[in-house]
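One structure below.
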Amino acid sequence: MTKDKVKEFFKKIKLLILDVDGVLTKGEVIYDEEGREVKVFNVKDGLGISLLKKAGVKTIFLTAKDSFMVRRRAKDCGVEEVIAGVLPKEKALPEIKEKYKVKEEEICFVGDDVIDLALMKKVGMGVAVKDAHFEVKKGAKYVTAKKGGEGAVREVVDLILKGKKLYKKVLGEGNI
């Protein structure tokens with residue numbers, strides 16, 4: 001897909017849906033000495049989500065596994081909603097479209113593994129992170145230059161803001 005075509009897709013986005021493990025994190029599972037799961041999130045991705053909210057684009061976390069850490073991160077970033085435990089993930093799409101008053105072509109979904117593929121193909125801009133499963137990358141309209149948990153979400157946010165010509169406005173002219 002050409003750069004101009006990619007820009008056109010990102011320009012239409014009104015809602016960003018993010019998988020969590022492998023997209024907002026590196027996809028690793030870490031347990032502490034008490035057996036509690038620990039997740040590591042990228043701060044640049046978090047700031048990007050906050051900037052997107054400032055631009056009027058809503059964000060949802062859609063994850064197969066619910067956890068306190070995911071909900072805490074969503075709250076810290078100003079995410080509108082966490083949808084957890086819905087499989088297959090595309091089952092959540094009709095309710096999301098109705099609740100957020102968006103069409104499929106106005107949704108961007110970022111995923112990394114095969115359980116993300118069906119939803120990725122149903123939205124306007126299906127994105128795979130650089131280290132996604134090869135089938136997911138094949139099915140995506142865009143593959144990030146960054147890996148999951150290492151700034152891939154920020155990359156997508158920047159593309160949305162630039163596509164909407166809101167990048168400089170949201171960041172502030174003096175910050176660029």
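No lab work stands behind these numbers, since they all come straight from the coordinates. All figures in this text were calculated on a predicted structure; none of them were measured in a lab. Every residue, glycine as well, gets a Cβ built from its backbone with ideal geometry; the counts of neighbours run over all protein chains shown.
Points to keep in mind about this one:
- Projected label distance in nm at residue 115 and residue 34, using a 7 Å step from Cα toward the beta-carbon: 2.5
- Order of 108, 77 under a 10 Å beta carbon neighbour criterion, fewest first: 77, 108
- Across the chain, the mean sequence separation of Cα contacts (distance under 8 Å, 6 or more residues apart), normalised by length, yields a relative contact order of 29 percent.
- What separates the Cα centres of the stretch 8-22 and the stretch 117-176 is a distance of 7 Å.
- For the chain, the longest site-free run once trypsin sites (Lys or Arg not before Pro) in DSSP loop states with at most 14 other Cβ atoms within 10 Å are removed: 104-164
- In this structure, the pairs whose alpha-carbon distance is over 21 Å, taken from 39/146; 54/162; 58/89; 75/103; 3/130; 101/122, are 75/103.
- Loop GluC sites (Glu not before Pro), the stretch 60-100, which have at most 15 other Cβ atoms in a 10 Å radius of their Cβ (DSSP): 80
- Candidate aspartates and glutamates - alpha carbon under 20 Å from residue 165, same-chain residues fewer than 8 apart omitted: 4, 8, 45, 105, 106, 155, 173
- Among 156, 6, 79, 38, the order by Cβ neighbours within 10 angstrom, fewest to most, reads 38, 6, 79, 156.
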